[in-house]
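Reviewing the structure listed below.
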Amino acid sequence: MPVKEFSLRVPASCRPGDEHKTQRAFSESVEEYVEGIFRLQKEVDRVSTGEIAVYMCVSAGSATSMVKKLAELGLVEHEPYQGIRLTEFGEKVAKQLTRAHRILERFLVDNLELPWNDVHELACKLEHYISEDIIDRIDEKLGFPKTCPHGNPVDADAPDPSIRLQDAKIGKLRMMRVSDERVEFLQHLEELGLKPGVEFEAIGSSQIDSLIYLNILGNAITVGKQVARHVWVVPA
């Protein structure tokens, strides 16, 4: 069939196979690893390739190859047997991604009314394809929110007075944030009645099996290690 004459053309950024269509310095995969290492550093300080592999759900070989690439790009420092840490440049990239991610989560929940427990994955995808100036405009339209829907600060350098539930004293507490944003974990917290801003009481604990006994809105609840580690609180 002969091609008819027309002037319509796909925009350059949408052309298949265009390696520069996102106009970003790094690939989505590189950015995901940088952001992942940033999160892991808050858990274990010096991160191992094995921990990266577990967190990213990839093989140890894939994690090792990516760490070498990140080092070549100046994003991480890696010394044998000393672990892996982001460089100053790597931390800057990670904080930009974290900010974009949390602003997007807030937009998805507040403006599109998506459930708070199911926006993390979508924000993970979007953050790699939206430029920083657009993120700035979304931030302004939202009124410069301080936290994402999970209570985590938009500004990764902002002071954070919260501590893990497992380290809190017995008494009245207020949930501030949650550091595990997997949908199934957030759904579990919602079933327990635990969301950022909720006040409850820690009434006891078991040293043997690390259980913590709570009173949440009049309901007696027992939580284990995962909740105790990833729920962050302040005294109420």
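The values are calculated or read from the model by the stated rules, or taken from the named source; none is laboratory data. It should be emphasised that the depicted structure is a prediction, and the values quoted were computed from it without experimental measurement. Note: ideal-geometry Cβ built from the backbone for every residue, glycine included; neighbour counts use all protein chains shown. SASA here: full protein model, heavy atoms, side chains in, ligands and nucleic acids out. Shrake-Rupley method; radii C 1.70, N 1.55, O 1.52, S 1.80 Å.
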Volume in Å³ per residue [convex hull over Cα atoms, computed for the chain] | 190
So what's the back-of-envelope 222 nm ellipticity for the chain, counting only DSSP H runs of four-plus at -39500 (n - 2.57) apiece and dividing by all residues, rounded to 500?
-> -12500 deg cm²/dmol
Carbon plus sulfur, as percent of the 1.4 Å-probe accessible area of the chain, comes to 53
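Among 199-211, 124-136, how do they line up by average Cβ neighbours within 10 Å per residue, starting with the highest?
Result, highest mean Cβ count within 10 Å first: 124-136, 199-211.
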Heavy-atom accessible area of Asp160 with all protein chains present, probe 1.4 Å, nearest 10 Å²?
-> 70
For Arg177, enumerate residues with amide H under 5 Å from its amide H, sequence gap 5+ or separate chain, H modeled in the peptide plane.
-> Trp232
For the range 113-118, in residue order, the Karplus 3J(HN,Hα) values (coefficients 6.51, -1.76, 1.60; θ = phi - 60°; whole Hz; Gly and Pro = x) are 6, 7, x, 4, 8, 9
For helix 28-44, what angle does its Cα long axis make with the longest principal axis of the chain, in degrees from 0 to 90 and rounded to 10?
-> 20
Near the amide H of Gly83, under 5 Å away, which other amide H atoms are found, from residues 5 or more places off or on another chain, if H is placed in the peptide plane?
-> none
For the pairs Lys172/Lys225; Lys125/Lys225; Lys92/Lys195; Lys68/Lys225; Lys95/Lys225, note any where the Cα-Cα span goes beyond 23 Å.
-> Lys125/Lys225; Lys92/Lys195; Lys68/Lys225; Lys95/Lys225
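Give, rounded to the nearest 20 debye, the magnitude of the charge dipole that the range 159-203 has about its Cα centre when Lys and Arg contribute +1 at Cβ and Asp and Glu contribute -1 at Cβ.
220
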Heavy atoms of Met176 accessible to a 1.4 Å probe, total area in Å² rounded to 10 = 70
Unit charges at the beta carbon, dipole of the range 118-236: most positive-side option, Val234, Ile135, Gly204 | Gly204
Under the Karplus relation 6.51 cos²θ - 1.76 cosθ + 1.60, θ = phi - 60°, what is the ordered set of whole-Hz ³J(HN,Hα) values for the range 58-71, x standing for Gly and Pro?
-> 10, 6, 4, x, 5, 5, 4, 4, 5, 4, 4, 5, 4, 5
Please get the size of the charge dipole for the chain, origin at its Cα centre, with Cβ charges of +1 on Lys and Arg and -1 on Asp and Glu, quoted in debye to the nearest 20.
-> 60
Rounded to the nearest Å, the spacing of the alpha-carbon centers of the range 25-79 and the range 218-233 is 29
Could you do me a favour and compute the accessible area per residue for the chain, 1.4 Å probe, result in Å²?
-> 60
Mean separation of Cα contacts under 8 Å, 6 or more apart, over the residue count of the chain: relative contact order % = 14
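With all protein chains present and a 1.4 Å probe, how do Lys69, Lys95, Lys169 order by accessible area, largest first?
Of Lys69, Lys95, Lys169, the descending order of accessible area is Lys169, Lys69, Lys95.
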